[in-house]
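Here is the structure we will look at, set down as structure tokens.
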Amino acid sequence: MQSNIFLTRFVGHHLVKLVKVDSTNNYLKTLLSNFKPLPTGAVIMADSQFAGRGQSNNAWLSQAGKNLTFSIYLKPDFLSAQKQFKLNEAIALGITDCLTKILGDDCKIKWPNDIYYNNDKIGGILIENTIRGQQINESVIGIGLNVNQTVFPDLINPSSLANIAGVDFDLMALLGDILKSVEDRYLQLEAGNYQQIDEDFTQHLFRYQQIADFKVGAKTLTGKITGITDTGLLIVETAKGEQCFNFKEIGFVV
């Protein structure tokens, strides 16, 4: 563990840097299960993950020392379990706020939790919440971002900041910028500014208000994304009217 001075109030002030781990989320959860006290905003980062996970246990593969793979520990006990997708929105916005300054407005959030540049995936988020009663008690927020890796064997549509911008990035400086942006959005969430977060998230959605094809089961559905429900369902306007879809009920044709 080392103390680091990022331009944040609390996120990243406690930083654990690992050389190799199965996943930073698993490492953080193991610390918590062993009653290791962690301050809110603690960050676990690794040069290499050999069993990183995305949504629904999809694998997250990352070349050692080239990318950012880290987890943030937060205690959003001000947020009800019913509103837990708001945390997803705030974290995704924090990342895109930072990356938009670097890559421009083509950086988008592919619902529910991927970060895209044009039609290419550059990052992903995995949030694992612990619920106590009606409130969120603890959140382990895993973030993977393709930064300086340029070749991605066996993946369909990946890219990286280096591929897009044509330069390599200082990983620690970039981490500090992302943590600052994530903290800003988290504090906005804590202040109860849900409307602004909802509006910004919707405006940053990949293919928002664009006619596109989607996969629903074995069928192809044509429609356009018009918004997100309070519980995080995707709203798609189709020939049959608006329909709402949960995670894994609908897929994007990229």
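Please give the solvent-accessible surface of residue 167 in Å², to the nearest 10, using a probe radius of 1.4 Å with every protein chain present. About 80 Å², rounded to the nearest 10. If R0 equals 45 Å, the separation of the Cβ atoms of residue 170 and residue 32 corresponds to a calculated FRET efficiency of about 0.90.
Protein heavy-atom surface of the chain, 1.4 angstrom probe: 49% of the accessible area is carbon and sulfur, with nucleic acids and ligands not counted. Multiplying the residue separation of residue 196 and residue 229 by 0.36 nm and subtracting their alpha-carbon distance yields 10.4 nm. For the pairs 66/108; 110/224; 224/248; 36/108, note any where the Cα-Cα span goes beyond 25 Å. Going by Cα-Cα distance, 36/108 fall outside the 25 Å limit.
Amide H to amide H, with H built 1.01 Å from N, residue 160 comes under 5 Å of no residue 5 or more places away or on another chain. Here the spin labels are modelled as points 7 Å beyond Cα on the Cα-Cβ line, and at residue 187 and residue 9 they lie 0.5 nm apart. With the dipole of the chain worked out from charges on the C-beta (+1 for Lys and Arg, -1 for Asp and Glu) around the Cα centre, which of 5, 82, 204 lies farthest toward the positive end? Going by the Cα projections, it comes out as 82. Put a plus charge on the Cβ of each Lys and Arg, a minus charge on the Cβ of each Asp and Glu, and nothing anywhere else: the dipole of segment 92-182 about its Cα centre is then about 220 debye. With 19 Å as the limit, the listed pairs 20/101; 121/180; 75/180 have 20/101; 121/180 beyond it between alpha carbons.
Rounded to the nearest 500, the helix-only mean residue ellipticity at 222 nm of the chain stands at -8000 deg cm²/dmol, with each DSSP H run of n ≥ 4 adding -39,500 (n - 2.57). Charges were assigned to the Cβ only: +1 to each Lys and Arg, -1 to each Asp and Glu. The resulting dipole of the chain about its Cα centre is roughly 540 debye. Only residues of segment 202-227 count here: report those whose backbone N is under 13 Å from the spot 7 Å along Cα→Cβ of residue 253, or say none. Label zone hits: 211-224. Each other residue within a Cβ distance under 10 Å of residue 171 adds +1 if Lys or Arg and -1 if Asp or Glu, for a net charge of -2. Each label was represented as a point 7 Å from its Cα along the Cα-to-Cβ direction; for residue 78 and residue 151 these points are 4.8 nm apart. The candidate values were (1) 34; (2) 19; (3) 11; the one computed from these coordinates for percent of Cα pairs over 35 Å apart carries the label (3).
Only one residue of 216, 142, 165 has its Cα farthest out toward the positive end of the dipole of segment 131-254, where Lys and Arg carry +1 and Asp and Glu -1 on Cβ, and that residue is 216. Of the chymotrypsin sites (Phe, Trp or Tyr not before Pro) found in segment 57-141, those that fall in a DSSP loop while having at most 16 other beta-carbon atoms within 10 Å are 78. Shown is the FRET efficiency for residue 137 and residue 17, computed with R0 = 25 Å from the Cβ-Cβ distance and rounded to the nearest 0.05: 0.40. Estimated at the nearest 10 Å², the accessible area of residue 242 is 120 Å² with a 1.4 Å probe. In order along segment 188-198, the phi-based Karplus estimate (6.51 cos²θ - 1.76 cosθ + 1.60, θ = phi - 60°) of 3J(HN,Hα) comes to 5, 5, 4, 6, x, 7, 5, 4, 5, 5, 4 Hz; Gly and Pro are listed as x. Against the criterion of solvent-accessible heavy-atom surface with a 1.4 angstrom probe, 220, 229 sort, most first, into 220, 229. Of the residues 178, 131, 211, ranked by 1.4 Å probe accessible area with the largest first, the sequence reads 211, 131, 178. Ordered from highest to lowest accessible area with the whole protein assembly present and a 1.4 Å probe, 120, 168, 154 read as 154, 168, 120.
The values are calculated or read from the model by the stated rules, or taken from the named source; none is laboratory data. Remember, it's a predicted structure, so these values are computed and weren't measured experimentally. Positions of Cβ are backbone-derived with ideal geometry, glycine not excepted, and every protein chain shown enters the neighbour counts. For the accessible areas, the whole protein counts, side chains as well, though only heavy atoms, and no ligand, DNA or RNA atoms are used. Shrake-Rupley method; radii C 1.70, N 1.55, O 1.52, S 1.80 Å.
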